[in-house]
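Following: one structure in structure tokens, then a few remarks.
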Amino acid sequence: MTAATLAPAGGARIGTRGLLVAAGLAAVAAVTLFVGARFGMLLAVGLGFGIVLEGLRFGFAGPWRAMILRREPAGMLAQILAIALVAIVSIPLISSHPGEIGGAQAPIGWAMLGGAFVFGAAMQVVLGCGSGTLVNAGSGNPVSLLALPFFAIGSFAGAYHLIWWTDLGALPILTLTGGAGLAVTLAGLAGLAGIVLWRAAPGTRAVPRRLLLAAVLLAALAVANLAIAGQPWGVVYGLGIWAAKGFVALGGDLSGSAFFTAPGSVARVNGSILTDYSSLTDIGLIAGAFGVAAWRRGALAAPLPRYPARAWIATVVAGLALGYSSRLAFGCNVGAFFSGIATGSLHGWAWFVMAFAGAYLGIWLRPRLGLEART
Amino acid sequence: MTRRLTAGIAIAALAVLVGLDLAASPPNPWQAPPAFALGSGQAASGGFCGALPG
């Protein structure tokens, strides 16, 4: 190929990348101007989440799978580092600004524990967690693209029934607060890192620089989310609101749900999704991942994989399960595991134990459902 | 078919979702809260997956 034929392709790529940056900035500016500064900043934070997760290939489901199947700890260690960095800022901040800043603090209960187990299994079936499904859909993964609307429907249904499930029995909300709470949280994370390193296969203990960078950037974005929104980074709530809005638009009636008749829920179903914090970061996750995929040379030219029909049916069922179970579990890998532990909620730890156990089931199910070659 | 199709569907669906929602529930920037919750003196009031509805 000559220099003359290379030049237009290079020029087109620069043009595409310039367009991507301009579109991102324009979207943030438009939301800031026409919705509000807080909402524009949260869209920017969401775009940052999407860019970091897709650009530096940081995830949750994949690293758990790598640890379980191959005893490769790098991805899990990066997750633990990110959570610890957020905790160092968040737990003192929540203690010093009660009311103004809230944590991801929820009760441990039967439905919460079962929901976390199901979520852990379902996220391994489709290899996409809460954030992962959005990021993968944005970057053109067809499995996640199909799972996403059913994730939203499941989240709506789980929220609709949430109060019934929590009435089955739950402990009071248990939180680790102040300096002592931070010390216990960091000790717990250090202990978890120690277990992961102890179980690691020889020669796999080093964490790649890109994952360390991703952990630091994610932590900074998560802290920014907390300072701007007054609440931690979450994913699932926004998806449920999207489906609830669709349900109402189609003539559905929410008056039978204790969740959706609460004043806060009514306000958010009737309000703009551009004023809902989780919705804004969800939009940013999808768009940011799309931007990275469009930026990368050849990423969108990859051919789509072929799967048997049962794999697509399994994707639909897993999407519904992801959404429904994450509401019962008071969050997904982001809202419960990442933000829960980082803001001192014991339900985050319980979520992790149950979801990691569920991941074994999901890994066992995935090839049997046609989503990978059976070995 | 390539990922260009599926990524395009994802971003187009997102644009449709936001567009329909803007038409049905236009936001009012004059009711926007302070830029930062931290230091605002206002109680946190957003919806969150880890919380029961308020």
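A short reminder: the numbers here are calculations on the coordinates, not readings from a lab. Nothing here was measured: the structure is a model prediction, and the numbers come from that model. FYI the Cβ positions are ideal-geometry reconstructions off the backbone, even for glycines, and counts take in every protein chain you see.
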Packing-based exposure ordering (other Cβ within 10 Å, fewest first) of A:366, A:268, A:209 = A:209, A:366, A:268
message = In whole Å, what are the extents of the range A:1-133 along the principal axes defined by its C-alpha atoms, from largest to smallest?
response = 65, 45, 26
message = Could you tell me the center-to-center distance, by alpha carbons, between the range A:77-118 and the range A:222-294 in angstrom?
response = 19 Å
query = How big is the range A:98-242 on each of its three principal axes, counting only the C-alpha atoms and giving the largest first in Å?
reply = 45, 41, 33
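Filter the trypsin sites (Lys or Arg not before Pro) in the range A:305-345 down to the DSSP loop ones having no more than 11 other Cβ atoms within 10 Å, then list what survives.
Within the range A:305-345, the qualifying trypsin sites (Lys or Arg not before Pro) (loop, at most 11 other Cβ atoms within 10 Å) are A:306.
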Cα-based convex hull, chain A, per residue volume (Å³, whole number) = 157 Å³
query = Rg(Cα) of the range A:222-375 divided by 2.2 N^0.38 Å?
reply = 1.22
request  = Quote the Stokes-Einstein diffusion coefficient, in whole µm² s⁻¹, for the range A:81-169, based on the Kirkwood radius over alpha carbon pairs, a temperature of 10 °C and a viscosity of 1.306 mPa s.
outcome  = 102 µm²/s
message = Please compute the Kirkwood hydrodynamic radius of the range A:203-285 from all pairs of different C-alpha atoms, in Å with one decimal.
response = 14.9 Å
inquiry  = Can you give me the angle between helix B:3-24 and the longest principal axis of chain B, using Cα atoms only, in degrees from 0 to 90, rounded to the nearest 10?
reply    = 40 degrees
key: Rg [Å, one decimal], Dmax [Å, integer] - the range A:169-233, C-alpha atoms   = 15.9, 45
message = Run lengths n ≥ 4 of DSSP H only: what is the helix-derived mean residue ellipticity at 222 nm for chain A, with -39500 (n - 2.57) per run over all residues, to the nearest 500?
response = -24000 deg cm²/dmol
ask   = Summing Lys, Arg as +1 and Asp, Glu as -1, what charge do residues with Cβ under 15 Å from the Cβ of residue A:261 carry, residue A:261 excluded?
value = 0
remark   = In the neighbourhood of residue B:22 defined by beta carbon distances under 15 Å, the net charge of the other residues (Lys, Arg +1; Asp, Glu -1) is -1
note = Candidate span helices, chain A: DSSP H, at least 15 Å along axis from Cα coords, Kyte-Doolittle average at least 0.5, result A:3-34, A:37-55, A:74-96, A:110-125, A:142-166, A:178-199, A:209-229, A:236-249, A:277-295, A:309-328, A:346-368
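How large is the direction-averaged shadow of the alpha-carbon convex hull of the range B:1-45, in nm²?
Averaging across all directions leaves 5.2 nm² for the Cα convex hull.
What is the sum of charges, Lys and Arg at +1 and Asp and Glu at -1, for the other residues whose Cβ falls under 14 Å from the Cβ of residue A:233? Walk me through the intermediate numbers first.
Numbers: positive: none; negative: A:276, A:282.
Every neighbour counted, the sum reads -2.
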note = Shielding of B:15-28 by other chains, given as the mean Cβ count within 10 Å, works out to 5
note = Rounded to one decimal in nm, the spacing of the 7 Å Cα→Cβ label points at residue A:306 and residue A:23 is 3.0 nm
